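The values are calculated or read from the model by the stated rules, or taken from the named source; none is laboratory data. What you are looking at is a predicted structure, and each value in this text was computed from that prediction instead of being measured. In this analysis, Cβ positions are derived from the backbone assuming ideal geometry, glycine residues included, and neighbour counts consider all displayed protein chains. Each accessible area value is taken on the protein alone, full model and side chains, heavy atoms only, with ligands, DNA and RNA left out. Shrake-Rupley method; radii C 1.70, N 1.55, O 1.52, S 1.80 Å.
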Amino acid sequence: MSTKLEWLKEIDGQLWLVEDEKENLRLYYRVKEVIHAEQSPFQHVMIVDTYEFGPTLVLDGVIQTTSRDGHIYNEMITHIPLLTHPNPKRVLIIGGGDCGAAREVCKYAQVEHIDMVEIDELVVKVSKQYLTEVSGNLSDPRVRFIYEDGTTFVKNQNSTYDVVIVDSSDPIGPAEQLFSYEFYRDIEQALKPDGLMVCQSQSPIFHMDVLKQTYERISKLFPIARVYQAVVPTYPGGLWSFTLGSKKYRPEQLEDKWNKEAKYVNKGILKACFHLPESVRQALGV
Ligand code: SAM
């Protein structure tokens, strides 16, 4: 097991995970134990047990999901598109190696098939093994795991999916292209004529440039584009954004269709998440 010490610091006899957010911002999480640490061909993959957030997935020193708040992100990136589409049968997840998004999609009985295209098999392996609070140790036979770059995979799809969920890491390293215009254009092609997509579009507090660019790109490709938000404590700034692009269906009255078990999403959240803070609304021009 290789442990990259640059992300783990011993301070006064305690072990801390140090997450460098940006030049002038660092977050520290006290670590109980390093459960797994390994360099894959794509990134450094770690599971650390933290005092506040429990077992946590860390890629290249950046927290991806934690046992305590991972459900917030995973419920929001899945239930909004799946409720917006009246009959989602074929779903594609790009990234999502912690399996939390796939786990939520499996709650929909009408979904017949889920392709999960993750570049790094090691992320899936360690998440299933050590991050069961998030992954649910996913073994639903509707899920097909494909270990490939998501950008290459979507290029070869045509009118295949009802819903595409881009559950990517930050726009650096292997995920950089998952924020590009060409990639969203290929997703548009991969969707059926009434299909829709969603992606995580970063923090409205710290990455407004990424959110604005994502919203503009998706608005160019889809007649319906909407941004919604959730609060995820372990993501920088807390407030997190998602952008939905839809060819036909509008994300309206989702609360009327809500009948699932969840820890974060409820009827009120389904209405409130589309009400954006004033500064965000103004920056996006919506
Ligand atoms: N919820 C998380 C967040 O917002 O930080 C992201 C979850 S998930 C762990 C992100 C996954 O995207 C990672 O497992 C990573 O390996 C995968 N990924 C990055 N680039 C990719 C690519 N080009 N194709 C497919 N998967 C990719």
message = Test of understanding: express the Cα radius of gyration of the chain as a ratio to 2.2 N^0.38 Å, with N the residue count.
response = 0.96
Solvent-accessible ranking of Trp240, Trp16, largest area first, probe 1.4 Å = Trp16, Trp240
ask   = Relative contact order of the chain: what whole-number percent is it, with Cα pairs under 8 angstrom and at least 6 residues apart?
value = 15
query = When all protein chains stay in place, what accessible area (Å², nearest 10, 1.4 Å probe) is found for Met208?
reply = 40
task = Please report, as a whole percent, how much of the solvent-accessible surface of the chain comes from carbon and sulfur atoms (probe radius 1.4 Å).
result = 46
query = Between Val34 and Glu133, what is the FRET efficiency for a Förster distance of 30 Å, r being their Cβ-Cβ separation, to the nearest 0.05?
reply = 0.95
task = Would you mind telling me which residue in Gly268, Gly61, Gly237 has the biggest mean-square fluctuation in a Gaussian network model of the chain, where springs connect alpha carbons within a distance under 10 angstrom?
result = Gly268
request  = Can you tell me the relative contact order of region 162-236? Whole percent, Cα pairs under 8 Å, sequence separation 6 or more.
outcome  = 31
message = Can you give me the accessible area per residue for the chain, using a 1.4 Å probe, in Å²?
response = 43
key: Members of Lys9/Lys32; Lys107/Lys247; Lys89/Lys247 lying beyond 18 Å, as alpha-carbon distances in this model show   = Lys107/Lys247
task = Determine the alpha carbon to alpha carbon distance for each of Lys128/Lys212; Lys22/Lys263; Lys155/Lys192; Lys155/Lys260 and list only those over 26 Å.
result = Lys128/Lys212; Lys22/Lys263; Lys155/Lys260
ask   = Under 14 Å from the Cα of Lys248, which aspartates and glutamates turn up, not counting those fewer than eight places away in the same chain?
value = Asp162, Glu188, Asp194
request  = Starting from the Cα of Lys267, draw a straight line to each of the aspartates and glutamates and keep only those under 16 Å, dropping any in the same chain fewer than 8 residues away.
outcome  = Glu75, Glu252, Glu255, Asp256
